[in-house]
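Take a look at the structure set out below.
The values are calculated or read from the model by the stated rules, or taken from the named source; none is laboratory data. These figures come from a predicted structure and were not determined experimentally. A quick note on method: Cβ atoms are made from the backbone with ideal geometry, for glycine too, and the neighbour counts reach across all protein chains shown. Accessible surface is based on the protein model in full, side chains and every heavy atom, while ligands, DNA and RNA are left aside. Shrake-Rupley method; radii C 1.70, N 1.55, O 1.52, S 1.80 Å.
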Amino acid sequence: MRFSPEYVRLVLNENFEDAKAQFLAPLMAIHYAHLVMLTEQGIVKPDEAHAIRAALDAISIDQVREVQYDGTYEDLFFYLERLIVQGCGDDSAGRLHTARSRNDIDMTMYRMQQREMILAIVDGAIALRRVLLVLAAKHREHVFAAHTHTQPAQPTTIAHYLLAVVEQLERDTVRLRAAYESTNRNPLGACAITGTGFPIDRARTAELLGFEGTTGNTYGSIATVDYLLESVSAAAVLLAGLGRVLQDFLLWCTSEFGYLRLSDAFVQCSSIMPQKRNPVALEHARAIGSKALGQASAIVLAVHNTPFGDIVDTEDDLQPLVSRMFTDAARAVMLVAAAMAHAEFDVARLAARAEQGWITVTELADTLAREHGLPFRAGHTIAARLIQSARANPERPLSIALRDIAKDVAGLELAYDEAALNEILSPRHFVDVRKTHGGPAPSETLRAIGDSEEALRADDRWIRDTRERLARASALLKKVSGEL
């Protein structure tokens with residue numbers, strides 16, 4: 001068979017190179033696992049199995065990676081089939097393809113590759129969570145002005161902010177773990193789309209390839225891409241959330257804010273302005289993450305409105321985009337983790353900003369409601385008028401102004417002196433009294449850090465156990481195939 005030079009150049013050559021880079025190892029593993037299963041089921045005789053296994057063993061992965069596509073075969077599968085024929089002859093080699101199709105082989109390869117890419121993003125999320133928890137533990141007592149609608153709003157702590165990011169990453173990990181579970185199902189045995197009349201054992205190939213079980217419906221095993229979209233969506237949610245946090249971090253790195261300082265290892269200087277410390281590591285992370293988010297959208301668009309069945313839109317041309325998206329997503333998360341591991345917060349500057357702009361005045365309204373039984377709206381009115389009075393007459397003692405305003409608004413006699421009022425309006429007091437579950441009080445962030453550390457240990461165990469299961473499956477496949 002000879003293909004058109006244009007078709008070779010524009011399609012087949014590109015797909016062949018992509019397949020060598022992404023799917024050569026999974027494809028070889030599938031060959032071995034399928035051979036073991038066929039032999040154990042009595043579909044292939046032992047002497048034929050031995051000949052096929054010897055032919056597989058003789059294939060040099062390194063040499064295959066160096067092969068240049070010449071148009072005399074369609075794709076990587078057929079190139080390997082040619083090598084197997086050369087190794088054991090047409091008759092034996094032909095038996096390896098019993099009860100399977102390129103359709104189920106492809107879907108199995110994709111899932112094997114995708115599960116590794118999901119684990120790489122989980123690695124990144126775990127690494128970033130670990131870094132942020134260390135920073136949170138260090139900054140439980142350090143207050144700063146939280147913003148809403150881009151304006152200073154209320155005091156909180158650095159730990160409180162970072163724990164919000166950590167919890168978001170925890171939910172990202174839950175989503176990615178669920179996507180891994182959906183992905184790690186074996187479609188091998190679905191064949192072209194309707195299965196086979198041969199007495200195959202799909203559970204056995206699932207075991208040998210490290211899957212947690214088989215897919216169900218054979219039509220769906222070939223046709224569906226929801227498992228892919230689930231993991232792509234989980235990655236996209238993570239990237240969107242991370243991008244919002246990066247916007248804050250980059251703002252905090254500006255000289256105008258000066259809250260956050262990256263280490264010298266993660267900044268670059270201008271070629272003509274020697275005073276510059278450009279936080280480019282976080283900029284790169286934002287750019288890479290944005291690119292990955294765009295790639296995720298492109299994946300969804302590529303499979304949208306395609307027929308529900310075997311079709312190239314979900315196969316050769318899509319898979320490099322899938323690989324690039326997962327790779328870039330993992331890069332972005334790992335880069336943020338690396339940069340933040342050595343970053344420092346200017347706690348004095350953060351604390352000074354928390355003293356400005358009357359951002360603690362909500363606590364005055366709360367105190368009037370708690371201690372004097374006022375409706376919160378009345379307390380809010382008193383607090384608002386106190387701000388107006390202080391701005392109009394900054395020399396007037398706040399305690400005197402508060403006494404007169406409270407009497408005018410609510411007929412309330414207040415006797416707070418300056419020291420007591422300053423305590424009520426202090427950022428430290430504001431934070432300390434907010435012991436709501438999930439709040440910024442140091443006692444509450446200590447509890448939250450403990451919970452998040454336990455969740456981190458659980459996810460560490462999960463990813464370690466998952467990789468160990470994959471390694472055990474690989475060792476088992478090597479052992480049983482070697483015995484053929």
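Here are a few things to note about the model shown:
- With a 1.4 Å probe rolled over the protein heavy atoms of all chains, the accessible area of Cys269, Cys88 falls in the order Cys269, Cys88, largest first.
- Prolate/oblate/rounded call for the stretch 267-384, Cα gyration tensor, a/c under 1.5 rounded: oblate
- Proximal charge balance of Ala420 [Cβ under 13 Å; K/R count +1, D/E count -1]: -4
- When the chymotrypsin sites (Phe, Trp or Tyr not before Pro) in the stretch 224-259 are filtered for DSSP coil states and for at most 10 other beta-carbon atoms within 10 Å of their beta-carbon, no site remains.
- Taking every DSSP helix (H) stretch of at least 4 residues in the chain, weighting each as -39,500 (n - 2.57) and dividing the sum by the residue count yields a mean residue ellipticity at 222 nm of -22000 deg cm²/dmol.
- Straightening the chain between Val174 and Glu74 buys 32.0 nm, computed as 0.36 nm per residue apart minus the Cα-Cα spacing.
- Cβ-based net charge around Thr108, under 13 Å, with every Lys or Arg adding one and every Asp or Glu removing one: +3
- Basic side chains Lys and Arg get +1 at the Cβ, acidic Asp and Glu get -1 at the Cβ, and with that the dipole of the chain about its Cα centre reaches some 880 debye.
- The overall shape of the stretch 349-412 is oblate: from the C-alpha gyration tensor, with semi-axes ordered a ≥ b ≥ c, the ratio a/c is 1.5 or greater and a/b is no larger than b/c.
- For the stretch 113-169 and the stretch 1-73, distance of Cα centres in Å: 45 Å
- Between Thr72, Ala296, Ala49, the Cα set farthest toward the positive side of the dipole of the chain (charges on each charged residue's Cβ, about the Cα centre) is that of Ala296.
- Amide H contacts of Gly210 (H built 1.01 Å from N, under 5 Å, at least 5 apart or other chain): none
- Note on the stretch 258-320: with neighbouring protein chains present and a 1.4 Å probe, carbon and sulfur make up 57 percent of its accessible heavy-atom surface.
- For the chain, the longest principal axis of the C-alpha atoms and the axis of helix 102-138 are separated by about 30°.
- Counting only protein heavy atoms and a 1.4 Å probe, the chain has 46 square angstrom of accessible area per residue.
- Karplus-based coupling profile of the stretch 81-88, in residue order and whole Hz: 4, 4, 5, 5, 4, 4, x, 9, with θ = phi - 60° in 6.51 cos²θ - 1.76 cosθ + 1.60 and x standing for Gly or Pro.
- Unit charges at the beta carbon, dipole of the stretch 343-415: most positive-side option, Trp358, Leu386, Gly411: Gly411
- Accessible area (Å², 1.4 Å probe, nearest 10) - Ser233: 60 Å²
- Think of the chain as having a plus end and a minus end, set by charges on the Cβ of Lys, Arg, Asp and Glu; of Val245, Gly89, Pro155, Pro155 sits farthest toward the positive end of this dipole.
- Prolate/oblate/rounded label for the chain (Cα gyration tensor, a/c 1.5): prolate
- Proximal charge balance of Tyr73 [Cβ under 12 Å; K/R count +1, D/E count -1]: -2
- Nonlocal Lys pairs with alpha-carbon distance under 27 Å, the chain (8 or more apart, or different chains): 7
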